[in-house]
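A.B. asks: Structure in C-alpha cells, see below.
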Amino acid sequence: MNVKTLFISDLDGTLLTSKENVSAYSLAELNEMIDECGLLFTYATARSLNSAAKACWGLRQNLPVILYNGALIMEPWNRRMLYNNHFNEGQLSFLKKLFEKYDVWPLVYSFRGAVERVSWVEGKETTGVRRYLDRRSGDRRLNPVRNREEVLGDEIFYFNCIGRKEELDALHEEVERSLDIKCIYEPETYHTDYWCEIMPANTSKGMAAKALRGILGIDQIVAFGDAKNDRELFREADECYAVKNADEALKEISTDVIGYSEEDAVAKFIRENLSRYAG
C-alpha cells in the first residue's frame, strides 16, 4: 500500500535564509523533487500569503499552505480559503478592553466577505508597525482606519502587536491568563522588537496541519521547524525535525536534529531520505 506523506516546513529560521528567501540550491532541489518524484511539500508560517509567497518566490506551490500560525489554510494559486479560525464576539470584547487598558494599537487581520484586510489606526503606529507597513507598501490588504470601531464588522482572526518588550509585557501576561485566547510572544527574527501575536486558543500550526491532513487525505506528516510556534505542528506530525539553530525546547520534542537553516537543511534532508517515504 502506498503511504501518502506530506512534508510541512516552517519558513523563517527553517526553510528561509537570513535574507528572507529560499536559497537557489533549495529551490532547485525541492522543485525537482516536486516535479519528478511527486514530493508533497508545503509550508506552515506566521506570515501572510503575500509575505510568504514573496519569500518563497520560485518555489512550486501546488498545495494549500498554512498561514498566520495556523489561523488560515489557503490555496496560493487562487487565494481560496479552505480553513479560517476567527475570534468570537466575547473574545473580541475582552481584547478591546485590554488594548485600551495598556494603550496598545495592534495590526488587525480580518476578512470582510472574501477580502482579506490588515487594518491599523493611523497615527498610532510604533516604529515596528511602521517598518512592517513600509515593507508592504502597495499591499492591497492594507486598510488604514480612524478608530478601533471601524474594523468591528470584520471576521477578525489575528492581532499583531509590535513594539518594545517593556511596552508589551503586561498585555502579554494578561492574555496568557485567558483560557480561550493565546499569545505567541517572541523577538522578531530580523530585528530587536517583540511581536505579540494574539489568536484564538485553538489556533495553531498543529490544528491546521490536522485539518490539512484530512483535506488532502494524508497518511503521515513530516514536519520541520525552529521555534516555539512550531511545537503544536511537531506534536501533530508523525515525524518532526528541528534545525540545528532551533529553540532548545523544540529540539527536545523532535524526532531528530538536522543541519542549519542557512545550510539548506530541509532540502538536503528530504533529498537524502525521500526514498524511505515512497510507500
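A.B. asks: What is the chain's relative contact order, in percent, from Cα pairs under 8 angstrom and six or more apart in sequence? Don't skip to the answer; put the middle values down first.
C.D. replies: Working: 515 pairs, mean separation 62.8, N = 279.
The normalised contact order for the chain reaches 23 percent.
A.B. asks: Let me ask something additional. Which whole-Hz couplings ³J(HN,Hα) result when phi for each residue of the range 204-212 is put into the Karplus expression 6.51 cos²θ - 1.76 cosθ + 1.60, θ = phi - 60°, listed in order with x for Gly and Pro?
C.D. replies: For the range 204-212, the Karplus curve yields 6, 4, x, 4, 5, 5, 4, 5, 5 Hz.
A.B. asks: Using θ = phi - 60° and the Karplus form 6.51 cos²θ - 1.76 cosθ + 1.60, what ³J(HN,Hα) does each residue of the range 110-120 get, whole Hz, x for Gly and Pro?
C.D. replies: 7, 10, 10, x, 9, 9, 7, 9, 10, 10, 7
A.B. asks: Quick one: check the C-alpha center-to-center distance for the range 49-120 versus the range 201-279, whole angstrom.
C.D. replies: The two parts, judged by their Cα centres, are 22 Å apart.
A.B. asks: Then there's this: Express in nm, to one decimal, how much length is gained between Glu176 and Glu263 on full extension, taking 0.36 nm for each residue of separation and deducting their alpha carbon distance. Numbers along the way, then the final one.
C.D. replies: Numbers: separation 87, 0.36 × 87 = 31.32 nm, distance 3.55 nm.
Extra length from Glu176 to Glu263 when fully extended: 27.8 nm.
A.B. asks: Now for a different question. List every residue whose amide H lies under 5 Å from the amide H of Ile181, counting only residues 5 or more places away in sequence or on a different chain, with H placed 1.01 Å from N in the peptide plane.
C.D. replies: Ala201
A.B. asks: Ranked from highest to lowest mean number of other Cβ atoms within 10 Å per residue, what is the order of the peptides 184-197, 164-177? Kindly include the intermediate steps, with their values, before the conclusion.
C.D. replies: On the way: 184-197: 16.6, 164-177: 14.8.
Ranking the peptides 184-197, 164-177 by packing returns 184-197, 164-177.
A.B. asks: Report ³J(HN,Hα) in whole Hz for each residue of the range 133-141, in order, from the Karplus equation J = 6.51 cos²θ - 1.76 cosθ + 1.60 where θ = phi - 60°; Gly and Pro get x.
C.D. replies: Result, ordered by residue: 5, 4, 6, 10, 4, x, 5, 5, 6 Hz.
A.B. asks: Can you tell me the relative contact order of the range 89-200? Whole percent, Cα pairs under 8 Å, sequence separation 6 or more. Show your work: numbers first, answer last.
C.D. replies: Numbers: 161 pairs, mean separation 29.3, N = 112.
Contact order relative to length: 26 percent.
A.B. asks: Now, a different point. Which of Lys54/Lys182; Lys4/Lys268; Lys54/Lys165; Lys101/Lys165 have a Cα-Cα distance over 24 Å?
C.D. replies: Listed pairs above 24 Å: Lys54/Lys182; Lys54/Lys165.
Read the figures in this text as sums done on the coordinates, not as results from a lab. Quick caveat, the model's predicted, so the values are computed rather than measured. So basically every Cβ, Gly included, is an ideal-geometry build from the backbone, and we count neighbours across all protein chains shown.
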